[in-house]
Structures are given as C-alpha cells and as structure tokens.
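**Q** The structure that follows is given in the form of structure tokens.
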Amino acid sequence: MTRDDPGRSEALARIERVYRMRMLRRDNADARVPDRMDRTDALKQAAYARRLSKHQLMPLGRCDVLDVGCQWGAWLAWCRQAWGHDGGRLCGIDLMREWIDKGKARYDFLDLRHGSGDRLPWDDETFDLVHQGMVFSSVLDADLREGIAAEMRRMVRPGGHVLWYDFFFNPINRDTVGMTYRRVKRYFPGWTTMARDRVTLAPPLSRVLGRIGPNAIDLLTSLRFLNFHYLILLRKPPA
C-alpha cells in the first residue's frame, strides 16, 4: 500500500467506526460487571511484569518507550507508576483523537500523538521498547498491517525489544483477524523470540465469569487452554 493509496483512508475509517462501537459495548458491559476489566487487566499486567523481569528489562529506568495504539495512555502511565520508569521518554500514538485528547488532559508526562501506526512521527531507532496491544487483530487490511509492522521495526534501536499482546484466535468477532505466532514472526524477520505465552481469557468468557466473581477468572486463566491471547517479547538483532 502506497502512502497515497485511497484504500488506506478507507481502512482507517473502518477501524475508527469499529472501535467506537466496540468501546460503547465494552463500557456497557463494564457497567453491568464492574470488576471484569479490573481483574482481567491486573492479570495481563502481572504477565507483562513477569516477562519483563525475567529478561532483565525491569525496572524500566530510563528506557525510551513507545505504545502503538495507546488509547489514552494508561499502559504508558503504568510503566511510570508501577514498573520503575524514571527518566526516558514515554510516547504513544492512536488513531482516535478523542482518546489522545483525554490522555493529554490526564497525563502531562506523556508524549501522545494523534495518527496511524503506519506513519509514526519519530526518527529511526528512537526507542528501546515498543509495545502494541490489540492493534494488529483489529486491522483487516493486510497492507496496513505490514505498514504498521515496518514502522515498529524502524522505531526500535538495535538490541531493543517489541512487546506484543494480541488475539491469536477469535472466531466470534468478524471485525478481527487472528494474529498467529507464525504471522507475528513474518512481521519481524530475523528477530529473536525471547518469550511467547498464552495469557488472558477471551473477552466474552471474561464477561460471563465476571458475573460469578474474580476468582472464577483467576481459575480459568491459570488453566491456559482458554487463554486466546499471545504475549510475545521479541528482540531486534544488535548492530
């Protein structure tokens, strides 16, 4: 897909429409089951922390960090508040302008930009750690996914890392595409896989279990076979 391809604008407009509908549905579900997202997010963040710690990336210290598809910057704020980030850059980009505006109002220590992940406004090899969570599975256009992956590769310094969290299987939602491990590896040829874990339940199952209580979510998450997301840590070859 070229930079002026009209299909790109069409693909981005579809993503915005889907995200607005998805967020409305999620907000309504969370209002009925208030503990669901808190518990699911806590389990996800704990899995992140285990992986980063195991590979000596915690505390984050002065790492320069980028979140592609950052929403309002909550994950970046978590880096500062819980994972020891204390001096490097914390940057994020998101397609939804209202989310970026919300994040700027809430977190004055973040560098948040409005835009698409296939056109990142930072210089080559700017970041030590680049994160994406649930972005690629929401992009049905294969060329747009390739463009986002190319920009993520460009952003990472030699020896730096990409932290990836996304569905690998979601048969219910037609607005998503599963990000299998084989597909992820194609996006990062020559990079080393430091870790690959199955984490967190599918959202529909979490919603059902949320009516029972957080203990039910913990139990089934621990069984792994119902976890439909990959948490993958990739390392760029050193210079």
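**Q** Sorted by packing (mean other beta-carbon atoms within 10 Å per residue), highest first, where do 91-99, 44-52, 189-197, 159-167 land?
**A** Those peptides, ordered most packed to least, come out 159-167, 91-99, 44-52, 189-197.
**Q** Give me the percent relative contact order of the chain, please, defined on Cα pairs under 8 angstrom at least 6 residues apart.
**A** Answer for the chain is 19 percent.
**Q** Eigenvalues of the Cα gyration tensor times 5, then square-rooted: what semi-axes does that give for the chain, in whole angstrom, largest first? It would help to have the intermediate numbers written out before the result.
**A** Details: eigenvalues 129, 95, 72 Å².
Equivalent-ellipsoid dimensions as semi-axes: 25, 22, 19 Å.
**Q** What is the calculated FRET efficiency for A13 to R198, with r their C-beta to C-beta distance and R₀ = 22 Å, to the nearest 0.05?
**A** After rounding, the FRET efficiency stands at 0.10.
**Q** Which order do the peptides 79-85, 61-67 come out in when sorted by mean C-beta neighbours inside 10 angstrom, highest first?
**A** The densest-packed peptide leads the list: 61-67, 79-85.
**Q** Which value, in debye to the nearest 20, gives the size of the charge dipole of region 6-235 about its Cα centre, when Lys and Arg are +1 and Asp and Glu are -1 at the Cβ?
**A** Details: 38 positive and 28 negative charges, 149 e Å.
Charge dipole of region 6-235: 720 debye, to the nearest 20.
**Q** Okay, moving on. Pairs K102/K236; K104/K236; K44/K185: which exceed 24 Å Cα-Cα?
**A** K102/K236; K104/K236
**Q** Which is farthest toward the positive dipole end of region 6-235 among L226, H114, W99, measuring Cα position about the Cα centre, with Cβ charges +1 (Lys, Arg) and -1 (Asp, Glu)?
**A** Farthest towards the positive end: L226.
**Q** Please compute the modelled spin-label separation between T180 and D86, points set 7 Å along Cα→Cβ, answer in nm with one decimal.
**A** 4.5
**Q** Continuing with the same structure: Over region 122-239, consider all pairs of different Cα atoms and compute the Kirkwood hydrodynamic radius from their mean reciprocal separation; express it in Å, one decimal.
**A** One over the average 1/r among Cα pairs gives 15.3 Å for region 122-239.
**Q** A follow-up question, please. Out of the DSSP beta bridges found with both residues in the chain, what percent are antiparallel (nearest 5)? Can you show the working numbers first?
**A** Values: 15 of 34 bridges.
Taking every DSSP beta bridge with both residues in the chain, the antiparallel ones total about 45 percent.
**Q** Moving on. Given a Förster radius of 35 Å and the C-beta distance between A49 and A105 as r, what FRET efficiency does 1/(1 + (r/R0)^6) yield to the nearest 0.05?
**A** 0.80
Quick note: the coordinates plus some simple rules give every number you see, no bench work behind them. Owing to the predicted nature of the structure, the values given are computational and were not obtained by experimental measurement. All Cβ positions, glycine included, derive from the backbone under ideal geometry; neighbour counts span all protein chains shown.
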